[in-house]
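The structure appears below as structure tokens.
The values are calculated or read from the model by the stated rules, or taken from the named source; none is laboratory data. If you're wondering where the values come from, they're calculated on a predicted model, not measured in any experiment. All Cβ positions, even for glycine, are placed from backbone atoms using ideal geometry, and neighbour counts span all protein chains on display. Side chains are part of the model used for accessible areas, which takes the heavy atoms of the whole protein and leaves out ligands, DNA and RNA. Shrake-Rupley method; radii C 1.70, N 1.55, O 1.52, S 1.80 Å.
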Amino acid sequence: MNPDHAPSRDPARIGLSVLVLALAAALVAMAWPRLRASIAYLPVDTALARHWSGTTPPPDQLAALSERATRAIDLHDHYRYRDGLSILAYLRAQAPGLSPDQRRALLAASGEAAIESVRQAPMKPAGWLRVALARQYLGEAPASIAAPLLMSVYTGRVEPTLQLLRLAVLYDLQRHLDDNGRRLLLDQTLLTWQLQPRELVREIRSGRIPYDRIAGVLARAHPGVLGDIDEVMRGTVR
């Protein structure tokens, strides 16, 4: 080859190519932990989807899935992985045969993971409710339970899958609620009756939501609604 016609090596072009390669390498390095975390968490996603469809994994699998979620968090701390870890701990705490200390430890872990999750993504009513439930079981002060419980309502006023359980806890804490909390209690009572009337009556009949407390809330402000509840309680089909 004639040296007079050899391709020129432009330093500016070489420098730009090196810069592009360096940026690409940096992006890959940044994305790699996220990808590894996503792969590690994939079985948790699958198992939780099955749980919501009615098939909950056995306790030993839940424990293994918790390790998976923890590994994903170590690789890339994300609210979704924290929330999954919280759900898994809560489900593990429901298993029969646990000692009180084991159950307490799992519920405490569920609450802690849920708190970390809602710190990163506050608009998660189920996460806030899980914090409240864990604190209630652990016997914490009513104010400590009420704060996340009310946040669950603020961040998701209409949540059919949470409505009954959340209302039951609100009534458990009724005498500890401030004026705003009592307004939310009334709102959630009316909303639950509107959305899930038969389910609400079932909870009243079981005693999980005491009738006298609902009557006390509705008697003055909404006596007609209380009358409707009474009709269903007497066996009238709505």
Worksheet item: Is there a residue in segment 10-24 that is at pLDDT below 95 and not in a helix (DSSP H, G or I)?
Response: yes
Fill in: Residue list for segment 116-138, filter: surrounded by fewer than 24 Cβ atoms within 10 Å (Cβ to Cβ) and touching a Phe, Trp or Tyr at 6+ places or on another chain (Cβ under 9 Å)
E116, R119, Q120, A121, P122, K124, P125, L133
Worksheet entry | Count - residues of segment 161-180 that are of a type outside the set (A, V, I, L, M, F, W, C) and closer than 15 Å to L129 by Cβ | 5
Practice prompt. Can you give me the number of residues within segment 41-58 that are open to solvent by 40 Å² or more (accessible area, probe 1.4 Å) and closer than 16 Å to L106 by Cβ?
Written response: 2
Worksheet entry | segment 57-69 residues that are within 16 Å of Y90 (Cβ to Cβ), paired with ones that are among the aromatic types (F, W, Y) (beta carbon under 6 Å, 6 or more apart) | A69/Y81
Item to complete: Starting from segment 145-160, keep only residues that are over 19 Å from E116 (Cβ atoms) and open to solvent by 50 Å² or more (accessible area, probe 1.4 Å), then list their pairs with residues that are of a type outside the set (D, E, K, R) and part of a helix (DSSP H, G or I) whose Cβ atoms are within a distance under 7 Å, requiring at least 6 positions of separation or different chains.
Response: V158/L191; E159/P125; P160/L195
Worksheet item: Which members of segment 64-89 meet the condition of being in contact with a Ser or Thr (Cβ under 6 Å, 6 or more places away or on another chain), among the hydrophobic types (A, V, I, L, M, F, W, C) and more than 13 Å from D45 (Cα to Cα)?
Response: A89
Worksheet item: Just checking, how many residues over segment 59-97 are outside any helix (DSSP H, G or I) and open to solvent by 50 Å² or more (accessible area, probe 1.4 Å)?
Response: 5
Worksheet item: Of the residues V153, V131, V158, V169, which single one is more than 14 Å from the chain's Cα centre (by Cα) and part of a helix (DSSP H, G or I)?
Response: V169
Worksheet item: Which one of these does A141 not meet: (1) closer than 23 Å to L170 by Cα; (2) touching a residue at least 12 places away in the same chain (Cβ under 8 Å)?
Response: (2)
Worksheet item: What is the residue count in segment 187-223 for residues that are open to solvent by less than 40 Å² (accessible area, probe 1.4 Å), in a helix (DSSP H, G or I) and of a type outside the set (D, E, K, R)?
Response: 13
